[in-house]
Each structure stands twice: as C-alpha cells, then as structure tokens.
Amino acid sequence: MKNYLLLFAVIIFSTVFSMAQNLTEPPVSDFDVYQKDIPHGSIDTVQYFSSTVGTERTTLVYTPPGYSTSEKYPVLYLLHGIGGDEFEWLNGGHPEVIFDNLYAAKKMKPMIVVMPNGRAMKDDRATGNIMARDKVEAFATFENDLLTDLIPFIEKNYPAIKDREQRAIAGLSMGGGQSLNFGFGNLDVFASVGGFSSAPNTKQPKELVPDPELTKKKLKLIFISCGDKDGLIGFSKRTHDYLDETNIAHYYYIIPGGQHDFVVWKASLYNFVQLLFK
Ligand code: FER
C-alpha cells in the first residue's frame, strides 16, 4: 500500500513539476490549405553578400499581409534540412499558406520570416553526396554567415526590430540542430528557439546549455518537436531530458506516428509561430 502511495506521489509530482509544457495541439483541419479569399503575404528572393563564404547568396523572405515599411517587425530565421536549400520549406511545406491562414484567424503576430540557405559554402546546392564532410561542415559554418552577414543585411534592408527578444531561430532536422546550437549558443542574439526533428549535428546537452541559469533567464521560448517514429528522436529527447533536469521551461511536442517528414515539420511550425513574440 505504502509503495503504491509513493508511486502515486511520484507520478503527480513529476507531472506537475515537469518543466515541459505539452500544450501544443494538432493543427486545425485545413491549416495548410490555400484560401483564395484571404489576404496573402509576399515572398521575395533576395541576394546578400556573404563575407563568410565570399559569394552572393540567396535567401527567401516572407513578409506578412498588410506589410508596411513604416512599421517594425520581429524576425524568424527558418532553416532547412540536409537534403534541401533555401527553397525546401517553400516547396515542401508551403509555410506561406500556414502563415496566411493563421493571420486570417488572428493567431500569429506580424513577423518577417527569413528562409536562408544553411549550407555556407560556395556550391551550396543539395546535389551529389549531401552527407559529404565539407557539406555537413558548411551547416556549422553557417553560424558565422548568419551572425555577421545575413542578420545585419536583413536588419539594414527590412524594417526589423533589432532586439534579441524580437529574433527567433527554428528549423527542421539539420536546421533544427543549427537552431538549437546557434540559439542556445548566442543568447545575446536570440530569445526564441525551435528545433524540429533535430539531427545529429545537435550539440550534446551540456555543451548546448553550459550555464542553465543564464539560459533560463534569457530564452523566452524553447520548442522541441519530433515524430515518435523518427529514428532521430534521441537527439530531441536527450535535449528535452536535460532541460527537465535543469528546470528550464520548454515545449516538448511529440507527434504520434510522426516520421521524418513535412507532416511533422508543418505541424511544428504551425504551433511554434503561434507562441512566438507574445
Ligand atoms: C545523419 C542523419 C541525418 C546526419 C544528418 C541527418 C550529419 C540529417 C537529416 C536531415 O537534415 O533531414 O547521420 O549526419
């Protein structure tokens, strides 16, 4: 009897005191279906010079319905996976449809969404052996491109709010690992971080969170998601477990039956952006 009571107490305690907030919902139906009769945002294809790579590079920039250069906006940097490039989100996930629908439902703060190429090397196409060492390393090199080239370019050419609390980074798979690494690693630059189905490039938890108290103070939104049928789930789980251990509040969104695909990434994006900049 005593053992049962103890077990019961432990379950209640761990449910109430787990730092993971599991409030995220499956998307409403039609969240990703194009609606003709609502306002739509725009997508620009933009070139910026990268001193990191030494070339002009391409990024896509989504601006919301009603966008005006006389207003100021927070910015989400949204990163692709190992098989993709700056067009992967657009072609595979149509995030502009998800955003437009959320704006029509008044469920999203107006923001600029930048979709760059996260493979910072001269030939940044996802061709040939996408697992080749130089190509994988280029995903790490992108940290420098992002911080010293892309963010300054965006903040010079768009009406972006230049404040860490108004910058977010999120991505899928390799881009999820990048988002966790760069977000947790640059607490002076970002306050919101999302890793969807994060890949093996995700740093070890203790490297990611060397100073839990500082991370807790600085990060306003941490969102980790994965499908429970994804072979890479261990990278999300170990990060989540460490955040729990160190009492750092975060969302841990596990999608039942979810694999390593855009079903999971679209549902993750849908939930993440509704929590952003609030
Ligand atoms: C790996 C398995 C998967 C890896 C990267 C990935 C660098 C990335 C997957 C993706 O971005 O979809 O071993 O090593």
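The values are calculated or read from the model by the stated rules, or taken from the named source; none is laboratory data. Just so we're clear, the structure is a prediction, and the values are computed from it rather than from any experiment. Quick reminder, even Gly has a Cβ in these numbers, built from the backbone with ideal geometry, and neighbours come from all protein chains shown. Ligands, DNA and RNA are excluded from the accessible area calculation, which covers all protein heavy atoms including side chains. Shrake-Rupley method; radii C 1.70, N 1.55, O 1.52, S 1.80 Å.
Per the Cauchy relation, a quarter of the hull surface: what is the mean projected area of the convex hull of the alpha carbons in the stretch 113-182, in nm²? Before the final figure, lay out the partial values.
Details: hull surface 20.1 nm².
Across all orientations, the stretch 113-182 yields a mean hull projection of 5.0 nm².
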query = By how many degrees, between 0 and 90 and to the nearest 10, does the Cα long axis of helix 262-275 differ from the longest principal axis of the chain?
reply = 90
query = Any idea what the relative contact order of the chain is, in percent, if you count C-alpha pairs under 8 Å spaced at least 6 apart?
reply = 20
inquiry  = Need the C-alpha centroid separation for the stretch 202-268 versus the stretch 114-191, integer Å.
reply    = 18
ask   = Which order, highest average first, do 70-82, 263-275, 101-113 follow once you tally other Cβ atoms within 10 Å for each residue and take the mean per peptide?
value = 263-275, 70-82, 101-113
Per residue value of the accessible surface for the stretch 160-278 (all protein chains in place, 1.4 Å probe), Å² = 36
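At 4 °C and 1.567 mPa s, grab the translational diffusion coefficient of the chain from Stokes-Einstein with a Kirkwood Rh over Cα pairs, rounded to a whole number in µm² per second. Intermediate values should be presented prior to the final figure.
Numbers: Rh = 19.2 Å.
The Stokes-Einstein estimate is 68 µm²/s.
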Cβ crowding within 10 Å averaged over residues, with 166-173, 44-51, 119-126 ranked highest first = 166-173, 119-126, 44-51
task = May I ask you to give the percent of accessible area on the stretch 123-172 that is carbon plus sulfur, with a probe radius of 1.4 Å?
result = 51
key: Net lengthening on full extension, Asp211/Ile43 (0.36 nm per residue, minus Cα-Cα)   = 56.7 nm
request  = Could you state the accessible area per residue of the stretch 58-99 in Å², with a 1.4 Å probe and every protein chain left in place?
outcome  = 30
task = With the Cα gyration tensor of the stretch 72-160 in hand, give its eigenvalues times 5 under a square root as the equivalent ellipsoid semi-axes, listed largest first in whole angstrom.
result = 27, 18, 8
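Pull out a ≥ b ≥ c, the square roots of the eigenvalues of the alpha-carbon gyration tensor of the stretch 130-226, then state rounded if a/c is under 1.5, prolate if not and a/b is larger than b/c, and oblate in the remaining case.
Numbers: a/c = 1.79, a/b = 1.11, b/c = 1.61.
Because a/c hits 1.5 or more and a/b fails to exceed b/c, the stretch 130-226 counts as oblate.
After finding the eigenvalues of the alpha carbon gyration tensor for the stretch 27-68, what semi-axes result from the square roots of 5 times each, listed largest first in whole Å? Intermediate results must be reported in sequence, preceding the final value.
Numbers: eigenvalues 199, 35, 11 Å².
Gyration-tensor ellipsoid for the stretch 27-68: 32, 13, 8 Å.
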